[in-house]
1. Please state the relative contact order of segment 295-357 as a whole percent: Cα pairs under 8 Å, 6+ residues apart?
2. Select from segment 102-146 those GluC sites (Glu not before Pro) which occupy a DSSP coil region and have at most 14 other Cβ atoms within 10 Å, ordered by residue number.
3. Output the pairs from LYS68/LYS107; LYS111/LYS148; LYS73/LYS143 with a Cα-Cα distance over 26 Å in this structure; if there are none, say none.
4. Largest first, what is the accessible-area ranking of TYR115, TYR196 with a 1.4 Å probe?
5. Would you please give the residues with an amide H less than 5 Å from that of THR76, counting only those at least 5 places away or on a separate chain, with H modeled from the backbone geometry?
6. Counting other C-beta atoms within 10 Å, and keeping those with at most 12, which DSSP coil GluC sites (Glu not before Pro) do you find in segment 289-373?
7. Please compute the length gained on full extension between LYS17 and PHE242, using 0.36 nm multiplied by the number of residues separating them and subtracting their Cα-Cα distance.
8. Using 0.36 nm per residue of separation minus the Cα-Cα distance, give me the extension gain between ALA138 and ALA359 in nm, one decimal.
Amino acid sequence: MNKFWLVMGHTYVTKLKAKAFLVTTALTCLLIIGLANVQTISEAFTGDETAHVAVIDRTPSLYKALEKQVNNKEITLTKITNLEDEAKKAVKDGKWDGLLVLSTDEKGLPKAFYYANTIADNRTSEELERGVNALKTALAAAKIGLTKEQLAVLYQPVPFQKVALEKNAKSEKELNEARSLVYVLLIAMYMFVLMYGGMIATEVATEKSSRVMEILVSSVHPVQQLFGKIIGVALVSLTQFFVFFAVGFAALKANGQEVWRFLGLDQTPLSIWGYALIFFLLGYLLYAVLFAVLGSLVSRVEDVQPAITPVMLMVVAAFMIAMVGLNMPESPFVVGASFIPFFTPMLMFLRIGLVSVPAWEVALSFALLVATMVLLILVGAKVYRGGVLMYGRMNVFKDMKQAIQLTKK
């Protein structure tokens, strides 16, 4: 057991001191601080920038009515009497940010043309369009004799409440809260596996290419060595995630945000957190064993990426199905895929978080996941022990068979 701790400690300390790890952590922390303060940064660059729009009104009263509709600090309207061509030239010269020409159609209802040097910024044009549409609605209502009260009733939203009939079904509020947690943890699991799974494979391949592996294999049991690498990298990733969380928490607190309320997690049941932790750890362990085994089969670090690509694609597929499942958690496809061990950590957790899943389905998914993981550990340890002694061009299935045969000698 001492050798296991030695391998794990060496892996953890080596990765923690690596320049790439330190630089990546520092840059990501800066990005998190930036995202937490994006509104403040945006205001610092834009200041109190207001769009100054000139208005030519070819009607008796539309301008005054529009001025009441567009009543905010982002747009300033100014009525002018210039000719349209002169006003357009003023916009080109930068005197105005835009020109709005108001008129009426054959039915006496408002219509408008908006001119600007570019129409890439939709904010101003959309606000003006909303104001003109509101004017049109009011004038049309007046023409057919509707009062303001009747108009308010006409546009009042229909009361529409969703009620679940199943006894244990989640309410809409509970679903929204659970969906936030599921979404956050799905992304965390996705990033965790892709980022640190590749690190495990690279770590094994690097030691193998330096010919240190022969000494390690002869002195450390392959299972101890395999799990020493996996848990060592897991601790590195947890350390990095803790730093990210602490920086994000502090940045949101500094802005006066209630962190858990900001994430929508203030009333999430503890059982969901428990399932999240279990599936997170089992999912990481399942994929970590695969990454370590594949890393042991390559002879050069450059071959790691092609070797682990199929596993990465599997993770991407699970994540994409989970993103679809956020809106359709009871879809037969999502339900069926949740029993596939490589998809279970994401999809079964998604279903548990959003809908009521029968206990036997949860138990079956756990059993399949644990059984697959145990099988991978047993086979993976043999492949790992023989694979680290193999050099040359990689052929995954052929090399696995040869690696297992080497362990029998």
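The values are calculated or read from the model by the stated rules, or taken from the named source; none is laboratory data. Remember, predicted model here, so these are calculated numbers, not experimental data. Don't worry about glycine lacking a Cβ; one is built from the backbone with ideal geometry, like all the others, and counts go over all protein chains shown. Accessible surface is based on the protein model in full, side chains and every heavy atom, while ligands, DNA and RNA are left aside. Shrake-Rupley method; radii C 1.70, N 1.55, O 1.52, S 1.80 Å.
1. Numbers: 47 pairs, mean separation 16.8, N = 63.
For segment 295-357, the relative contact order is 27 percent.
2. Values: sites: GLU106, GLU126, GLU127, GLU129; in loops: GLU106.
The qualifying sites are GLU106.
3. Numbers: LYS68/LYS107 23 Å; LYS111/LYS148 22 Å; LYS73/LYS143 32 Å.
Violating the 26 Å Cα-Cα cut-off are LYS73/LYS143.
4. Details: TYR115 65, TYR196 5 Å².
So, going from the largest accessible area down, we get TYR115, TYR196.
5. Sorted by chain and number, the residues that satisfy this are ALA51, HIS52, VAL53.
6. Values: sites: GLU302, GLU330, GLU361; in loops: GLU330.
Those that pass, being in a loop and sparsely packed, are GLU330.
7. Working: separation 225, 0.36 × 225 = 81.00 nm, distance 1.64 nm.
Here the segment from LYS17 to PHE242 would lengthen by 79.4 nm.
8. Values: separation 221, 0.36 × 221 = 79.56 nm, distance 5.68 nm.
Here the segment from ALA138 to ALA359 would lengthen by 73.9 nm.
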